[in-house]
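Read the structure below first, then the notes.
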Amino acid sequence: MSKEKDTKKELHLCVETVSFMLKIVCKEKPQLIVLYVLRIFADIMEKVQDVLLPKFIIDELVLVLSGADVSQHMKSAAFYVVFTILLQLLKNVIKNITFQWENVLAEWFDEYIDLQMADHAMRMDYEHTENPKALEVLNKAKEGMSWYSGGVIGVLGNFYTVISNVIVMLGVITVIALTCPLLIPVQLLALVIIVYFGLKNKQIDVESFLRLAKVNRMFTYIFWEMSDYKYGKDIRLYGSKEMMGRKARGLSDEMCGAWREQAERQRVNSWGIDIVNSFRDGISYFYIGFLALTKRISIGDFSMCIAAASSLYWSLYNIVNGFMDLSRRCNYAHNYLEFLSYPEAMVKGDKTVVDDTHEIRFSHVSFKYPRSEKYVLRDINLTIKSGQHLAVVGLNGAGKTTMIKLLCRLYDVTEGEILIDGINIKEYSQEEYRKLFAVVFQDFQLFAFPLKDNVILDQEEDEKKLWSILAQVGLKEDVKKLAEKENTLIFKSYDENGVELSGGQQQKLAIARALYRNAPIVILDEPTAALDPVAEYEIYKQFNALVGGKTAIYISHRLSSCKFCDRIAVFAGETIAEYGTHEELVGKTDGIYAEMFAAQAQYYVEAQV
């Protein structure tokens, strides 16, 4: 019963995967279907040339040797020879053109799938980017749609092979049934035994793939880190080359060991297939030879039966093996479908955000990260009025960044609710809701694109606005000195002339990105950590002026930002331990904020800044 269920499951999986691929092809590149139809015609021509035409030529020549009219039968033989040559030429032309065409389409579909996968990965809920299970599904999808399945062309090319061989098989069976019918059970019996061994090998293939999925992800990660120039300083200064090498060699050995074990497990099955093939050929040739010697078939029929027997076996073999290979490829490729349908972590709303003032309210919010039992935040109650500037301070691990992730709805709260303008943020359209925010995290990312693209991203390009903002964050003069100015590539990933910005310049560029977006709510989550206290003070002072009447939330270990803010929230003990203005909190002699401010006071004395 279990095997029957597995068979039904595999059949369903194959049908679903092939249907999915065909829908993509019909929508994007229907000419691939035409390509396979033409190739089927070429396959039929090949079998006519290999099985039927030699019989006709041989029979005509035998008649000549037997004393029949030379002129008539030589003319017929010449006709079949010419027909064979023309068929060969036409077949070769079709196959050459279709194979070239297929190679072009294979490249196109590989890029198409990569883009679709990247697009879906960027649209997935952020929570999944930190979920090992989701990352493994993504990795399986990448590997499953590449060299394991061959992608769209790998799956549909195999599907075409099965269809083509079914058509060939029907034609060849007709020929054999009329001349040497006992060949059919011989080929079928051999095929059944070979399929048994083939299925065992396929199961070993799938088991090896599942075993290697996690190892492949770790192996790829290690080798990317070793070759990524961004890690060069740490690897050299901490002497971690040997450690990285050991890890890489260990994973490489594990992968090689898995492949070696796979080959050893499959060896006996492969020997079994070779033995069965030897007996099949011996019995077939003996039977056909016996028919020819006893004059039951002609010499031309002998030639035809030999070719037909071989064609029948290989068409049957290719059908069964094709189905097994198709099932194997679909098993791998189906990981892509599973990735596309990976369940969402969040419920998506559809309400639009009204273009007006926006009040933020945290109501009894508690949160623990997925797959963790420890609360990061407990019973957070906080109201941020429209236009208010709030400073959030606290030690590492106090939950400051987590609060921002919840506000931006990168995660959903575990308990309580967050409201914007009195409406639970879960009810808003996610795309519309996130337009409210311009955020610069401490671990912000710049892309190996032109400098201006890193600022503008998907916003409308405005050169005057761009240069104004670069001036406001103190980057204008630096950018003017670059060879291509605002069009200079960041990093050297794709161009040796790319520029490596300093840590401070990168942070200013990230802040420029937030300003360019011109969102009503601006958040700085310690993006100036690489700057010295005085430089940070100047950035915050200028940024505070630029934000103006917008709602702003500043997170920092240093308290320079607090001097410009209307309210300060001090996070400690998984909640908001203190809340008030700078003057109110400094006045609490035993307070957390007062203690932190006293420790950092030398940085904020007006005379020093």
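Considering only residues that are aromatic (Phe, Trp, Tyr) and loosely packed, with under 14 Cβ neighbours inside 10 Å, which ones fall in the range 87-101?
The answer is Phe99, and nothing else.
List pairs: first in the range 110-134 and in contact (Cβ under 8 Å) with a residue 24 or more places away in the chain, second of a type in the set (Phe, Trp, Tyr) and surrounded by 14 or more Cβ atoms within 10 Å (Cβ to Cβ), Cβ under 6 Å, 6+ apart or cross-chain?
Glu127/Tyr411
Just to be sure before I move on: is Ser284 among the small types (Gly, Ala, Ser), assigned to a helix (DSSP H, G or I), touching a Lys or Arg at 6+ places or on another chain (Cβ under 6 Å) and surrounded by 17 or more Cβ atoms within 10 Å (Cβ to Cβ) in the structure I sent?
The answer is no for Ser284.
Please determine, by comparing only the residues of the range 542-567 that are under 43 Å from the mean Cα position of the chain (by Cα) and at pLDDT 80 or above, which one is nearest to Met596 (Cα to Cα).
Ile555
Considering only residues that are hydrophobic (A, V, I, L, M, F, W, C), surrounded by 19 or more Cβ atoms within 10 Å (Cβ to Cβ) and out of contact with any Asp or Glu (no Cβ under 6 Å at 6 or more places or on another chain), look in the range 554-584 and name the one that is farthest from Gly416 (Cα to Cα).
So the residue we want is Leu559.
Based on what the data block shows, is Leu312 modelled with pLDDT of 80 or more, within 25 Å of Ile167 (Cβ to Cβ) and not charged (D, E, K, R)?
So Leu312 passes the test.
Looking only at the range 325-358, filter to residues that are crowded, with 18+ Cβ neighbours inside 10 Å and of a type in the set (Gly, Ala, Ser); which one of those is farthest from Gly549 (Cα to Cα)?
Only one residue tops the list, namely Ser327.
Does Ala258 satisfy the criteria of being small (Gly, Ala, Ser), at pLDDT below 85, crowded, with 18+ Cβ neighbours inside 10 Å and touching a Leu at 6+ places or on another chain (Cβ under 6 Å)?
no
Answer with yes or no whether Phe543 is part of a loop (DSSP other than H, G, I, E, B) and within 30 Å of Ala601 (Cα to Cα).
no
Against the conditions (1) within 29 Å of Asp350 (Cβ to Cβ); (2) surrounded by fewer than 20 Cβ atoms within 10 Å (Cβ to Cβ), where does Ile380 fall short? Just the number, please.
Among (1) within 29 Å of Asp350 (Cβ to Cβ); (2) surrounded by fewer than 20 Cβ atoms within 10 Å (Cβ to Cβ), Ile380 violates only (2).
Between Leu212, Leu183, Leu251, Leu191, which is surrounded by 14 or more Cβ atoms within 10 Å (Cβ to Cβ) and modelled with pLDDT of 80 or more?
It is Leu183.
Given the condition over 22 Å from Leu156 (Cβ atoms) and at pLDDT 85 or above, answer yes or no: does some residue in the range 98-108 qualify?
no
State yes or no: is Gly474 out of contact with any Ser or Thr (no Cβ under 6 Å at 6 or more places or on another chain) and over 30 Å from Leu377 (Cα atoms)?
yes
Kindly list the number of the only condition in (1) of a type outside the set (Gly, Ala, Ser); (2) out of contact with any strand residue (DSSP E or B) (no Cβ under 9 Å at 6 or more places or on another chain); (3) under 22 Å from Gln542 (Cα atoms); (4) modelled with pLDDT under 85 that fails for Val479.
(4)
In the range 71-86, what count of residues is obtained for those that are among the β-branched types (Val, Ile, Thr) and either touching a residue at least 60 places away in the same chain (Cβ under 8 Å) or crowded, with 16+ Cβ neighbours inside 10 Å (or both)?
1
Within the range 261-281, count every residue that is exposed (fewer than 12 other Cβ atoms within 10 Å of the Cβ) and either farther than 23 Å from Val320 by Cβ or hydroxyl-bearing (Ser, Thr, Tyr) (or both).
Summing the residues that are exposed (fewer than 12 other Cβ atoms within 10 Å of the Cβ) and either farther than 23 Å from Val320 by Cβ or hydroxyl-bearing (Ser, Thr, Tyr) (or both) in the range 261-281 gives 2.
Per-residue answers, yes or no, for (1) in contact (Cβ under 8 Å) with a residue 24 or more places away in the chain; (2) assigned to a helix (DSSP H, G or I); (3) not aromatic (Phe, Trp, Tyr):
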| position | (1), (2), (3) |
| --- | --- |
| His12 | no, yes, yes |
| Thr17 | yes, yes, yes |
| Ile24 | yes, yes, yes |
| Tyr36 | yes, yes, no |
| Asp43 | yes, yes, yes |
| Gln49 | yes, yes, yes |
| Leu52 | yes, yes, yes |
| Leu63 | no, yes, yes |
| Ala68 | no, no, yes |
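Within the group Phe543, Phe491, Phe449, Phe437, which residue is aromatic (Phe, Trp, Tyr) and in contact with a Cys (Cβ under 8 Å, 6 or more places away or on another chain)?
Every option except Phe437 fails the conditions.
Check whether at least one residue in the range 60-79 is hydroxyl-bearing (Ser, Thr, Tyr), modelled with pLDDT under 85 and farther than 30 Å from Ser298 by Cβ, and report yes or no.
no
Return the total of residues in the range 87-101 being under 26 Å from Thr179 (Cβ atoms) and without any contact (Cβ under 8 Å) to a residue 40 or more places away in the chain.
1
Consider Glu127 against the criteria (1) within 30 Å of Leu410 (Cα to Cα); (2) within 16 Å of the chain's Cα centre (by Cα); (3) of a type outside the set (Gly, Ala, Ser): it satisfies all of them except one. Which criterion is unmet?
Here Glu127 meets the rest and fails (2).
Based on this model, can you work out whether Arg371 counts as at positive phi and among the charged types (D, E, K, R)?
Considered against the rule, which asks whether it is at positive phi and among the charged types (D, E, K, R), Arg371 comes out as yes.
The values are calculated or read from the model by the stated rules, or taken from the named source; none is laboratory data. Computed from a predicted structure; not experimentally measured. Note that each Cβ is placed from the backbone with ideal geometry, even for glycine, and that neighbours are counted across all protein chains shown.
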